[in-house]
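A.B. asks: The structure is given below, and queries will be raised subsequently.
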């Protein structure tokens, strides 16, 4: 592509970006004016075939390596919005697509300052390139787990666009995560940290995959099944691509109609996966379809005849539940602590909604129920854990707080752990 052609595309992109921002401020995101403007922006990126970067350096605005002087009038409003968001530099990648542009517009509308990334878009400090280099270096570091997120973004884009390489990329990512797990590297510290919802789509997919891989390996499942669980876990929510952003990010209570839209994502996800080209385990779409179905027949989607979910889906459901309630989101302003989240898993297990075997293995891996931890028992008493359970993490040796009785919860006719209490530093 010649320099003249590049300059023409950049000029058209700036014009369409300004029009998109203006349209989004005037109309709902589903309005044809907004959709058309977003599609034209995405078309410019596809033609340009490489990222477009807009930076602010003092009073100067630079697009790629060219200072905009004067700044085109159609860009003034969106540049003011970038400045208000404290975005010194923004980078649009060719894979952003219409949905990515709409997510950027939604973020601008919400107006909460700070760095932000989604599929095909990164915004934040002026040193994005240097940060990217550090991320690449971090892939081989013990704490490099979170630096896999850009690859997850690319994978989601591949799946959304139906590209042939999606499953190859999914296998690469899950094998890298699995490598962290097998090497004994600490993936649980970043997972245990509270996350905001800006990067939830990608961090949640990674976390559910990492947790599910760890459980599968702890149970010594066959390698082929571990791979299927890993790919199914990282793709379990791909059906949410079909949910309108206003519904997906709605801060208040969902209407019945909106809840129906949300509840369709397992069906849509399984359909997306089954329509993808390339070889994959048949378990992968099953995980996407069944990860919200429960052992007792509750959950969704509802089937004409009740059936027990596939074990792989029940395994992923435990990881999914734990990570989901550990995250701050618009409709979930406060997140559970690790102990609080484990208490939810225990409650769901005792109610026969989550499978108790997977919850027990999960509890062992996350190290929440350890000596010194205070717990509440099903008979109403409180106790402190003295030693790990030999066969079941949910059946440790405990000391009753009132009276000092020592009790092995693996013995018959003993109470169950009902909930786990927070420690002072949680």
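A.B. asks: Could you list, in sequence order, the residues of region 270-285 that are in contact (Cβ under 8 Å) with a residue 12 or more places away in the chain, outside any loop (DSSP other than H, G, I, E, B) and over 16 Å from residue 319 (Cβ atoms)?
C.D. replies: 270, 271, 272, 273, 285
A.B. asks: Looking at region 57-67, can you tell me whether even one residue there is within 30 Å of the chain's Cα centre (by Cα) and either in the same structural domain as residue 110 (by TED's automatic domain parsing) or under 14 Å from residue 12 (Cα atoms) (or both)?
C.D. replies: no
A.B. asks: Shifting gears a bit: Only residues that are under 13 Å from residue 105 (Cα atoms) and crowded, with 21+ Cβ neighbours inside 10 Å: list them for region 29-49, please.
C.D. replies: The answer is 34, 37, 38, 41.
A.B. asks: Right, next: Quick one: is residue 372 farther than 30 Å from residue 310 by Cα, outside any helix (DSSP H, G or I) and more than 23 Å from the chain's Cα centre (by Cα)?
C.D. replies: yes
A.B. asks: Consider residue 62 carefully, then state whether it is in contact with a strand residue (DSSP E or B) (Cβ under 7 Å, 6 or more places away or on another chain) and not in a helix (DSSP H, G or I).
C.D. replies: Yes: the conditions hold for residue 62.
A.B. asks: Select from region 69-126 the residues that are in a loop (DSSP other than H, G, I, E, B) and on the phi > 0 side of the Ramachandran plot and write down the one among them that is nearest to the chain's Cα centre (by Cα).
C.D. replies: Looking at the filtered set, the residue picked out is 120.
A.B. asks: Quick check on residue 392: is it outside the structural domain of residue 217 (by TED's automatic domain parsing), in a loop (DSSP other than H, G, I, E, B) and touching a helix residue (DSSP H, G or I) at 6+ places or on another chain (Cβ under 8 Å)?
C.D. replies: yes
The values are calculated or read from the model by the stated rules, or taken from the named source; none is laboratory data. Predicted, not measured: the structure shown is a model, and the values here were computed from it. Here Cβ is always computed from backbone atoms with ideal geometry, including for glycine, and neighbour counts include all displayed protein chains.
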